[in-house]
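Colleague: The following block contains the structure, expressed as structure tokens.
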Amino acid sequence: MRNPVTIVGKSHKRRRWLWLVALLALPCCVLPLTWGYVWWTGNYKLDQLLVGLDREEPNWRQAHLDRKPMPRPKQNGMNQVLATLAVMPKLRDWPAWPLSEDASVGFFDS
């Protein structure tokens, strides 16, 4: 006949081992499920946003914008910006202000 104390001791060890395995397996199951849920909801919200943009503001995508013709030179503001940069070459190095030696000291330096 078996000793009842020995049988109870083995069952406690087995139960502890099962709890340990369960506690270690729990993050391995919960983390991928959480990541998948967050990924799915993010993609769903992005898809809903893109559908709303397509409905409210058609032809906003880059492929549609590339098909549009460029504005006429009189209406194109980029030509005015390039002409201004040619007249004012100092703006290319902006901001390049001369600093005194006092200004080079940090605010918190004493």
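Colleague: Please work out the FRET efficiency for the pair Leu20 and Thr41, using the Cβ-Cβ distance as r and a Förster radius of 41 Å; give the result to the nearest 0.05.
Modeller: E between Leu20 and Thr41, to the nearest 0.05, is 0.80.
Colleague: Moving on. Which value results for Rg/Rh of the stretch 4-69 when Rg is the Cα radius of gyration and Rh the Kirkwood radius based on the inverse mean 1/r?
Modeller: 1.59
Colleague: Whole-Hz ³J(HN,Hα) for each residue in the stretch 22-29, computed from phi via Karplus 6.51 cos²θ - 1.76 cosθ + 1.60 with θ = phi - 60°, x for glycine and proline: what do you get?
Modeller: Calculated HN-Hα couplings, in order: 5, 5, 6, 7, 4, x, 5, 8 Hz.
Every number in this text was worked out from the coordinates using simple rules, so none of it is lab data. Treat the numbers as computed from the prediction; the structure is a model and nothing was measured. Note: ideal-geometry Cβ built from the backbone for every residue, glycine included; neighbour counts use all protein chains shown.
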